[in-house]
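J.: One structure, pasted below without further comment.
The values are calculated or read from the model by the stated rules, or taken from the named source; none is laboratory data. Keep in mind that this is a model prediction, so the values were computed, not measured. Cβ atoms come from the backbone with ideal geometry, glycine included; neighbour counts cover every protein chain shown.
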Amino acid sequence: MRIGLVDIDGHAKKKKWGATIYPNIALCKIARYHRQQGDTVEWAIPFFHYDIIYMSKVFNFSPDDLTCYDADEIIRGGTGYDITSRLPLRIDRLQPDYSIYPNVPDDTAYGFLTRGCPNKCSWCVVPRKEGPIVPYMDIDEIAIENRRKIVLMDNNILAAGDFAVQQLNKIIERGYRVDFNQALDARLVTDTFAQLLAKVKWLDNNRIRFGCDTHKQIEDCERAMEMINGYGFTGQYFLYTMLNDNFQECYDRINHWWLRMREVREKHEGRQVYAYAQPYRDPDNPHRPIPQWQKDMAGWVNKKAHFVAHSFGEFHPRKGFWCQQYIDQFTT
């Protein structure tokens, strides 16, 4: 059979192989499965005939591919289409075929150690899609083809308790370099986890990621970082900060990390902490507009040169507009 693939989020029409920052793992597994069956697998080309075309969409706000494809069957899957969609078990348990993404380095693998999450954050579909946290795969299963750098996409690995301890120990023993790119939950950092996280070899400038989506989590992140630093960690921290509808709360939370970053840089002591702001996306309403202040706050936070150089109030994203106007308008 001739199989065609379409990576909706990767804007396959604009890039030769539908590349994204991260490869679409589901499409990679589908490619491996069909190649094991002796089928031909390629990125779908308009007007070429295929037996099956698989279209995968992770985010519901990604615009659909309206290209005219010719296939006996078109299968659409992924959270962006239907949060209940699943790969068949015979495909899901396979490791990805990275060859469909030539831009993926030969030493890098992607995968999940766990699926699910016990939290029920209003902006996240994971609990609805995957349920509570469960062990899913061993780190050695993911590290195929001598790939020693591993990007792990777990949504809350530390919630897996003993399984997480086991996997972190194995990561340390094997010498894998990893990145939990969906961030860790600082609230779950115990003394045991702090010791292990300090020993892990981290990707991306030796950087640990945490989520800081509420004001309460500032304290949790500070506590977790202090514990990890106490066991000899010398890298950086990267904090995902969700922007909700409360300007005052978002500004105070991010400004805390801005002030902390400035203090570290001025005193030349302590670990660097960088925030990354994510405007809220409604998982049930992809057309919900993003407020301009969220776009501007994200523009300030996510461009390191601006975040380091000046405060939010001093940031002017457009000619004649300074973000101090937001502060004057929304804060008390």
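J.: Can you go through Ala298, Ala305 and tell me which one is modelled with pLDDT of 90 or more and in contact with a strand residue (DSSP E or B) (Cβ under 9 Å, 6 or more places away or on another chain)? Break it down into steps so the answer makes sense when it comes.
T.: Working: Ala305 fails: in contact with a strand residue (DSSP E or B) (Cβ under 9 Å, 6 or more places away or on another chain).
Residue meeting the stated conditions: Ala298.
J.: Of the numbered conditions (1) in contact with a strand residue (DSSP E or B) (Cβ under 9 Å, 6 or more places away or on another chain); (2) over 30 Å from Thr79 (Cα atoms); (3) modelled with pLDDT of 95 or more, Gln272 fails exactly one; give the number of that condition.
T.: With (1) in contact with a strand residue (DSSP E or B) (Cβ under 9 Å, 6 or more places away or on another chain); (2) over 30 Å from Thr79 (Cα atoms); (3) modelled with pLDDT of 95 or more applied to Gln272, the lone miss is (3).
J.: Consider Asn169 carefully, then state whether it is under 20 Å from the mean Cα position of the chain (by Cα) and either over 16 Å from Gly235 (Cα atoms) or surrounded by fewer than 18 Cβ atoms within 10 Å (Cβ to Cβ) (or both). Give the steps one after another, and end with the answer.
T.: Values: under 20 Å from the mean Cα position of the chain (by Cα): no; either over 16 Å from Gly235 (Cα atoms) or surrounded by fewer than 18 Cβ atoms within 10 Å (Cβ to Cβ) (or both): yes.
In short, no.
J.: Going through the range 293-324 one residue at a time, which ones are without any contact (Cβ under 8 Å) to a residue 40 or more places away in the chain, surrounded by fewer than 13 Cβ atoms within 10 Å (Cβ to Cβ) and more than 21 Å from the chain's Cα centre (by Cα)?
T.: From the range 293-324, those without any contact (Cβ under 8 Å) to a residue 40 or more places away in the chain are 295-296, 299-300, 302-306, 309-310, 313-324; that's our starting set.
Narrowing further to those that are surrounded by fewer than 13 Cβ atoms within 10 Å (Cβ to Cβ): 304-305, 309, 314, 318-320.
Those that are without any contact (Cβ under 8 Å) to a residue 40 or more places away in the chain, surrounded by fewer than 13 Cβ atoms within 10 Å (Cβ to Cβ) and more than 21 Å from the chain's Cα centre (by Cα): Ala305, Ala309, Glu314, Arg318, Lys319, Gly320.
J.: For the range 36-80, give me each residue that is more than 28 Å from the chain's Cα centre (by Cα) and closer than 19 Å to Asp97 by Cα.
T.: Selection gives Gln36, Gln37, Gly38, Asp39, Thr40, Ile52.
J.: Another question, then. Condition first: aliphatic (A, V, I, L, M) and assigned to a loop (DSSP other than H, G, I, E, B). Now tell me which residues in the range 274-299 satisfy that. Show your work before the answer.
T.: Filtering the range 274-299 down to residues aliphatic (A, V, I, L, M) leaves 275, 277, 290, 297-298.
The one that is aliphatic (A, V, I, L, M) and assigned to a loop (DSSP other than H, G, I, E, B): Ile290.
J.: If a residue has to be surrounded by fewer than 18 Cβ atoms within 10 Å (Cβ to Cβ) and in a helix (DSSP H, G or I) to count, how many in the range 204-228 make the cut? So that I can check it myself, show each step before the final result.
T.: From the range 204-228, those surrounded by fewer than 18 Cβ atoms within 10 Å (Cβ to Cβ) are 204-207, 214-216, 219, 222-223, 226; that's our starting set.
After this cut, where a residue has to be in a helix (DSSP H, G or I) as well, the list is 204-206, 216, 219, 222-223, 226.
Residues meeting the conditions: 8.
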